[in-house]
Protein chains: 2
Amino acid sequence: MTSPETRDTYHHGNLKNALVAAGLEILETEGLPALTLRAIAARVGVSHTAPKNHFGSLRGLLTAIAAEGFRRHAAFMREGLGAAPDRPARLRAAMEGYVRFATTHPHLFGMMFSPIHCDFEDPALVAAAGESFAVLAGISEGLDWDKGTGPDALLKTEMMLWSMVHGYAVLTMSGQMAGATGQDDLPGIAEIMPGFGYRPAPA
Amino acid sequence: MTSPETRDTYHHGNLKNALVAAGLEILETEGLPALTLRAIAARVGVSHTAPKNHFGSLRGLLTAIAAEGFRRHAAFMREGLGAAPDRPARLRAAMEGYVRFATTHPHLFGMMFSPIHCDFEDPALVAAAGESFAVLAGISEGLDWDKGTGPDALLKTEMMLWSMVHGYAVLTMSGQMAGATGQDDLPGIAEIMPGFGYRPAPA
DNA sequence: GGGCTTATCTTTCCAACGTAAATATTTCCG
DNA sequence: CGGAAATATTTACGTTGGAAAGATAAGCCC
């Protein structure tokens, strides 16, 4: 996917996308500390100052990479939704997709939620993150729990689900959950989520 | 608390503690990106290579700072416990202490859970983090929910509470929760936690 | 199709960073 | 008192992101 180390034309032609793709590759193979401006540019075959024209700074490039990460993240969450027979199963599938993305792409996932690396004010990133959040919002409606009917019911439900699954993903992935509990084999996200039911579907 | 910029003796005398204290100060005033080896050393008044004798590397020093962070984190969680009249109130107090620490010391909190900066294998860090986890463990016992009695009941309860409160803290603090929901004024941790009750105290 | 404008990329340079190695100073302890 | 160990400094090095200036290509208008 990424262009080779050399090229015949002075202009790359598709540098913006190539840089994002190269960054994703580096994240997968070498991790976050190796994700330097110079390394990304070298992989595409351009000078280390070339990205500045498209992204302004390293932070800008990382933000674009994170945005692509959120799109894939949303795709992971949506993956099991089709096969789910009912709403509780959909809830479970989305949560497990969330965690599966984190464990499959740990470095990318870590960067996507790091204020040091990403600019959460960036409109493109906000939009991409909203794509993931929308999946959560979709399964939040009608969830039956003690705050599922009052004021801000939907907002509270979304926040509760997001907080739980995100905390689980972060803490297990970093090894802190294993370290603090002393357990190697930890329960999955479905095993630590209260068994929420759903109120009858609206109409 | 920290030594002044100059000193009369060749040996500092208490460099190890002074470096940790200086690091904490920098985190409060200038944030995580400013927490460099050279900046910490300069604040204490030693050369930027002096910390190596005590901590090995920058990562080692940051790990020690994080450990002190976890001790203070545990103190925040314990703070409201005494005044709580019953067990549900204790649960709420601990959760709110967790979040209050994160909002009061955002940069320190962020570093404490960053595998890039800290070495989660370090015994001192594991011990300090365990101190925080112990507070959670203390309020997990007897919590009444659908997984509160089966196998690994206590472990699952601890993991559920920790995941929820940690996810909430991270996502609200980074601004992502506000960004994705479009809400400025978000519900507190107590408002998005299921209203757990407790089974009768054991004897 | 000639010429101006703009976008894109390179080259060069710089300050700041973490770390290594060699050296200086102090303390500890026999 | 004296050598060993601990502690801190000096110097140097390779790497990083970014700024500045110049080179090259593309777009576009007449």
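Read through the list (1) at pLDDT 95 or above; (2) open to solvent by 70 Å² or more (accessible area, probe 1.4 Å); (3) not small (Gly, Ala, Ser), then give the number of the only condition that B:HIS73 fails.
All conditions pass for B:HIS73, except number (2).
If a residue must be open to solvent by less than 30 Å² (accessible area, probe 1.4 Å) and facing chain A (nearest Cβ under 8 Å), how many such residues does segment B:193-203 contain?
2
Output the number of residues of segment A:10-30 satisfying the condition of being surrounded by fewer than 17 Cβ atoms within 10 Å (Cβ to Cβ) and either away from DNA strand D (no atom under 13 Å from the Cβ) or assigned to a helix (DSSP H, G or I) (or both).
6
Could you list all residues from segment A:141-169 that are more than 9 Å from every other protein chain (Cβ to nearest Cβ) and either modelled with pLDDT under 95 or surrounded by fewer than 22 Cβ atoms within 10 Å (Cβ to Cβ) (or both)?
A:GLU141, A:GLY142, A:ASP144, A:GLY148, A:THR149, A:GLY150, A:PRO151, A:ALA153, A:LEU154
For B:ALA127, which of the numbered conditions (1) of a type outside the set (Lys, Arg); (2) at the interface with chain A (Cβ under 9 Å from one of its Cβ atoms); (3) surrounded by fewer than 22 Cβ atoms within 10 Å (Cβ to Cβ) fails to hold?
(2)
Quick test for you: out of A:ARG59, A:ARG43, A:ARG38, pick the one residue that is modelled with pLDDT of 95 or more, within 14 Å of DNA strand C (Cβ to nearest atom) and open to solvent by 90 Å² or more (accessible area, probe 1.4 Å).
Checking each option against the conditions leaves just A:ARG38.
Take segment B:92-109 and flag every residue that is surrounded by 23 or more Cβ atoms within 10 Å (Cβ to Cβ) and either more than 15 Å from the chain's Cα centre (by Cα) or over 28 Å from B:GLY195 (Cβ atoms) (or both).
Hit for segment B:92-109 is B:LEU108, nothing else.
Just checking, does segment B:170-192 include any residue being surrounded by fewer than 16 Cβ atoms within 10 Å (Cβ to Cβ) and in contact (Cβ under 8 Å) with a residue 24 or more places away in the chain?
So far as segment B:170-192 goes, yes, one or more of its residues are surrounded by fewer than 16 Cβ atoms within 10 Å (Cβ to Cβ) and in contact (Cβ under 8 Å) with a residue 24 or more places away in the chain.
All but one of (1) of a type outside the set (A, V, I, L, M); (2) closer than 19 Å to A:ILE116 by Cβ; (3) more than 20 Å from the chain's Cα centre (by Cα) hold for A:HIS12; state the number of the condition that does not hold.
The single condition A:HIS12 does not satisfy is (2).
The values are calculated or read from the model by the stated rules, or taken from the named source; none is laboratory data. What you see is a predicted model, and the numbers here were worked out from it, not measured in a lab. In this analysis, Cβ positions are derived from the backbone assuming ideal geometry, glycine residues included, and neighbour counts consider all displayed protein chains. Accessible surface is based on the protein model in full, side chains and every heavy atom, while ligands, DNA and RNA are left aside. Shrake-Rupley method; radii C 1.70, N 1.55, O 1.52, S 1.80 Å.
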